[in-house]
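So the structure is just underneath, and the comments pick up after that.
The values are calculated or read from the model by the stated rules, or taken from the named source; none is laboratory data. All of these numbers come straight from a predicted model, not from anything done at the bench. Note: ideal-geometry Cβ built from the backbone for every residue, glycine included; neighbour counts use all protein chains shown. Surface accessibility is based on the protein's heavy atoms, side chains included, excluding ligands, DNA and RNA. Shrake-Rupley method; radii C 1.70, N 1.55, O 1.52, S 1.80 Å.
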Amino acid sequence: MSSPYKKLSIKKLPVPTEKGTEESRFWKRFKSRCSLSEIASVTSIKFSPIQPFDFAVTSSTRVQIYSTQTYKVKKTISRFNDIAYCGTIRNDGKLLVAGDATGLIQVFDINSRAILRTMQGHNHPVHITRFAPGNTQILSCSDDKTARIWDVPGQEAISIFQEHQDYVRAGLISNDNPHLVLTGSYDQSIKLWDLRTNSCTMSMSHGAPVEDVLMFPGGGMIISAGGPTITVWDLISGGRVVRSVSNHQKTITSMCFNGSSTRLLTGSLDHHVKIYDVQNYDVVHSIEYSSPILCIALSPDDTNIVAGMTCGTISIRRRKFVQKELSMSHQNKQPRVGSYKYFTRGQTYSGNKGDFVVESKPRERLALYDRYLKKFQYSNALDAALRNGTQAILTISLLQELIRRDALRQAIVGRDDLSLEPLVKFLIRWINEPRYTSILVDVGNVIIDVYSSVIYKSPLIEKLIVNLHAKVKTEMNLQKEIAKIIGSLEMVAKGSLLTDTTNYT
Amino acid sequence: MMLNPNDPQQLLSGSLDGTIKVWKYSDVELLKKYEFGIPIYRMVILASYPDRFFVVTGIPCKNASCRGKQKAQALLYFRFDKKDQPEMHLLCKSKSMCTGLVTSPDGEFLIISFLRTIRIIKIKLNQQKGQKWPKYTHSSNISCIAIHPSKPYISIGDEYGKITHMYCLKESQIQDPVKSSVHWHPHKVNSLAFTSDGTYLLSGGKESVLVIWQIETGHTQFLPRLGSEIRSVTISPDQTLYAINLLDNSIKILSAINLEIKQAVQGLKHAQVDASIYPLSTGLVIEPRNHLVVLNGLPGTIQFYNPHSDRHVMEHEVSQRTMISRAFEKDIVYPNVNHVSFSSNGNWMATVDSREDGETTPELYLKFWKFDPNSQTYVLNARIDNPHSKAVVSLNFHPGTNDTSLSVVTTGLDNKFKVWKINSESHASQVFKDSVSWMCKFVGSYRQYTPRATAFSQDGSILSVAYDSIITLWDSRSNVLRDVLTLLPNYEFIRHLAFTNNSPFLVVTTQNFLYVWNLLTCTIWWSYRIEAHHLAVDSKSTRFIIASNSEKLQECRLFVFEPQTAIPVMVHTVKDIVKAIAYFPRKFDEVSSPSNAFQSYIIYLNQNYDMLMIGENFVEKVH
């Protein structure tokens, strides 16, 4: 057969470099979904480590557990006498631990909201409470300059670490080695404790009050945040500084990893969340919020970024799924018997690995404008490409193709005011878009050539043409202004260059 | 102009040099040669009269009043006797071009058509002198004719696309023939052919659509989008195959049953393109992967050609276009590919194509293509709209770089040269796939002079840009101007610029001079007064070649130089005007043989766009 009809090739315009890399596009897909407001500033947000990744928000004297599906409150725990801190959900998602400003640590059953254990010992506010990986111990860090390890069944402190000189505001237990505890304090030091010897094995100075610490999986590297800087430490080589970066204007209050620990998120009082690539600690993306950020959390499946702010607002950004990921996540689900999906379930089956696949060639379906183009009905093709909801670039591609076929005039002549209207409207809408201007100016010229003698007969078209004229005029003025500014800027640049060279000689 | 006579092993060819030669085509042998002494335009012979020729010739114009513009043509009848002495009769003549000459299958009639008239000659009657032959005039210019194999009528195709059937071959209808016409073609009908049983008529024309008419019912069947204008259509005697000859220098053989292309013979495509609108701007580029020659094909395409096997390998569409016939009198302007360049390993190709019709905004695109090993074609990677604000003068890939750090230099009439670099992002995480893009990294200019040519040194360290009559040398890594070489003696514009291979010399040609610069001392090493039209550098040795055309003598002298001395290694004269020239690497098996006088072949295109290859001692005509 002779060569098949070639479809209209739709232009692809280059993506401007400002729109950034694949990386930033990934993070941009986190669209602001909703914001919830609490009564006071949000001090902590922690995700449940198991599906469906609910998150516990601590604010004022209560801890609330929100669902990531609906963003509604699932449970409210408000059995605190003072301000609550650091509501953390255990590995199995059943228990929650929180400290409060009186120094009390309480363990709750999430389902019944009953207090299971109460641990007393701290006499200042407890800002950090964490479950140990074995689920039977709890780490607490308090403003009484101590960090303690509690035994949950016995409700008593096993170890007390007392070497800090100031409030202890950061702490964690290593996931890989439950004997290692890391704490950061306002005395600017980070200390590594060993539960087996009950002593400090390593102490590092951050240079600013430490607000948060994180440990990489494997336990070899840690990150500390204090002031506007984050510092990466190598524990294996004895606490050497690997990298220190300062990208925030104000104190960094919170840090978290993404699910695979390849990206680091930091939230700061300067309203920004920055995302770093942990290979080189370059900022790959940055999100701006409306208020200073106190805590930041990313769900383990990398779909929700939740930020808590001083004004009591919780901002949730949810990532839109890419089509591929969606289909992959759907593949695992078995459709309900009898549903529409059930009967169409074999459609995407692609055969087993060794199978010989007989390729079926579906008849190529042409778009409406392509069908008209094939029949050389240029006017109809243009109408089809001007219908509501068509993308501008498609219309532009068609106009370009008509120009190439020397058929633009043919497509434009012989229209009444109603059928000419969409074309002129399109011109008005897009004529100042620099990437389309050259083609649309040609189209405009042809329209004026063809219809100039009859424009005044239709009030509709006359009005549109006046609009178009006004738009072109403003654009011309704008260009003149821009040219002026460029000229004056060039003069400044040349002038500075001139003084440079005179100094040099 | 060829024709099959009644004995199937022989082939006759008539030519403008006034001879008819009889060939035995099964074993390429010249059997017989007839001398006529007048240029032959068309001829037929009849099966019943094997040594009688009906020949259309141009009459040499002796009359001063006819000024050769409108050539008179005449139909002559020759009979050769045993001693090969021609006996000549003038059958008819006309002042216009002959458009068709056919005989009826039973050998009774001979029909000749001129611009607007048709004459029918009854062959039996032509011994008796003074017979009045019917003469018909047609309302418009005739483009082709055909005789129905069994019924007494002829079909006439004209330049408005109308096909007229004229029933004029019966005695009773001679004076007042019945006419009927069908019209589908919007343009000139180039060829008509009846199937031998007379049920179908095939017609083809400028629209590149083959139309199959069922004569009884008037039903039509179309075979659209054949790729180019149809020049002629023939049908095999057993009616199973149709052969069509297209304007793009190809022959396609179709099966009559399902109209599928069975075989295609493809020559160099550029030959039939109007060179004034679509010039051979790419020159001859050697593709580094398979050593194919790349040059312009049809407008908007480039073709890959293998000179060793004389085969058209691939056609690559740089800008998509739909083959459509013009709607009005004006021809449609297609985009033209201006420049092609390949990266040193052939994985990347860069092209510049443009379209300018004088009315709408000109289009100018720089496109980057990546070789796809699965489909063995180049896939578009990036398109840059309007890389320069005016036409692009040159396009060069940086040699000696790998795929991750490629760069391309373009120069434009906007007095700028731009360095484009590949920009590959690779991501560690699985979420993103690696993406490759191209970006402009540097824009350079030199005192608002217009760049004329660019060249990279062989190792890629120096970029040389020639402005009017000044050569600038740039460090290609840091894009810093290193040196400026000025042609002091005269201010001719530089035409070509090339670094020689393996030696520190730079070859520069202007309109009348050839200069060789030594880059170590930055002085002119030697110069030569020669009108150099083309320059090519051998990539395997240090040599370079200069082609100097002489319009007057219709010949071209080729000078092969070593850069060290001004004495040419070889001078060769060919009887052609050279349009483009290049060194072509040998095949691998040939390279192994020692002491080759030439390291590479020289290939060139002549004025007829034939590609010729020069080896050791012979000129081999490739196409």
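List of remarks:
- Signed unit charges on C-beta, dipole axis of chain A, positive-most listed residue A:LEU427, A:ILE128, A:SER205: A:LEU427
- Helical mean residue ellipticity (222 nm; -39500 (n - 2.57) per DSSP H run of 4+; nearest 500) of chain A: -8000 deg cm²/dmol
- Label-to-label distance for A:GLN377 and A:LYS480 is 4.7 nm, based on points extended 7 Å past Cα in the beta-carbon direction.
- For the pair B:VAL22 and B:ASP331, label points projected 7 Å from Cα toward Cβ lie 4.2 nm apart.
- Measuring heavy-atom accessible area with a 1.4 angstrom probe and counting protein chains only, the residues of segment B:370-393 that give up at least 40 Å² relative to the chain alone are B:ARG383.
- Overall shape of segment A:136-222 was characterised from the C-alpha gyration tensor. The equivalent ellipsoid obtained from it has semi-axes of 19, 16, 11 Å, in decreasing order.
- Once all protein chains are placed together, B:ASP372 keeps about 40 Å² accessible to a 1.4 angstrom probe.
- Solvent-accessible area of B:TRP184 with every protein chain in place, 1.4 Å probe, in Å² to the nearest 10: 90
- Under a 5 Å amide H cut-off, with hydrogens placed 1.01 Å from N, B:ARG482 pairs with B:LEU473, B:TRP474, B:ASP475 among residues at least 5 apart or on other chains.
- Heavy atoms of A:SER37: accessible area, 1.4 Å probe, square angstrom to 10: 100
- Dipole magnitude of segment A:153-300 about its Cα centre (Cβ charges: Lys, Arg +1; Asp, Glu -1), debye to nearest 20: 160
- Mean Cα-pair separation over length for chain A, i.e. relative contact order, pairs under 8 Å, 6 or more apart, %: 9
- Point-charge dipole on Cβ atoms (K/R +1, D/E -1) for the protein assembly as shown, about Cα centre, debye to 20: 2900
- Percent carbon-and-sulfur accessible area, chain A, ignoring ligands, DNA and RNA, probe 1.4 Å: 52
- For the chain pair B and A, the buried solvent-accessible surface (1.4 Å probe, both sides summed) amounts to about 2700 Å².
- Packing around the peptides A:137-147, B:376-386, A:246-256, taken as the average count of other Cβ atoms within 10 Å per residue, puts them in this order, highest first: A:137-147, A:246-256, B:376-386.
- 3J(HN,Hα) from dihedral phi, segment B:345-356, Karplus parametrisation 6.51/-1.76/1.60, rounded to Hz, x for glycine, proline: 9, x, 6, 10, 9, 10, 9, 10, 10, 9, 9, 9
- Cα gyration tensor shape of chain A, rounded if a/c is under 1.5, else prolate or oblate by comparing a/b with b/c: prolate
- Compared with the direct C-alpha span, the chain from A:LEU498 to A:GLU421 gains 22.2 nm at full extension, assuming 0.36 nm per residue.
- For chain A, a crude dipole built from +1 on the beta carbon of Lys and Arg and -1 on the beta carbon of Asp and Glu, taken about the Cα centre, is about 2360 debye to the nearest 20.
- Segment B:191-231, accessible surface, carbon-and-sulfur percent (1.4 angstrom probe): 47
- Cα long-axis angle, helix A:392-404 against chain A (0 to 90 degrees, to the nearest 10): 30
- Residues B:MET88, A:MET215, sorted by accessible area with the largest first, give B:MET88, A:MET215 [1.4 Å probe; ligands and nucleic acids excluded].
- Computed over the protein assembly as shown, the P(r) curve from all C-alpha pair distances, binned at 20 Å from the origin, holds 9, 26, 29, 22, 10, 4, 1 percent per bin.
- Each of A:LEU182, A:SER140, A:GLY99 was scored by the projection of its Cα onto the charge dipole of segment A:34-183, and the greatest displacement toward the positive side belongs to A:GLY99; charges sit on the C-beta of Lys, Arg, Asp and Glu.
- Taking the charge dipole of the protein assembly as shown about its Cα centre, with +1 at Lys and Arg Cβ atoms and -1 at Asp and Glu Cβ atoms, the residue from B:PHE584, B:ALA193, B:LEU292 reaching farthest to the positive side is B:ALA193.
- Residues of segment B:195-232 buried by at least 30 Å² of accessible area upon assembly of all protein chains, compared with the chain on its own (1.4 Å probe): B:ARG225.
- The largest accessible area among B:GLU551, A:GLU23, B:GLU229 belongs to the first residue in B:GLU551, B:GLU229, A:GLU23, and the rest follow in falling order (1.4 Å probe, all chains).
- Residues in the protein assembly as shown average 49 Å² of solvent-accessible surface per residue, probe 1.4 Å, ligands and nucleic acids excluded.
- Pairwise Lys count, segment B:359-420 - Cα closer than 18 Å, eight or more residues apart or different chains: 4
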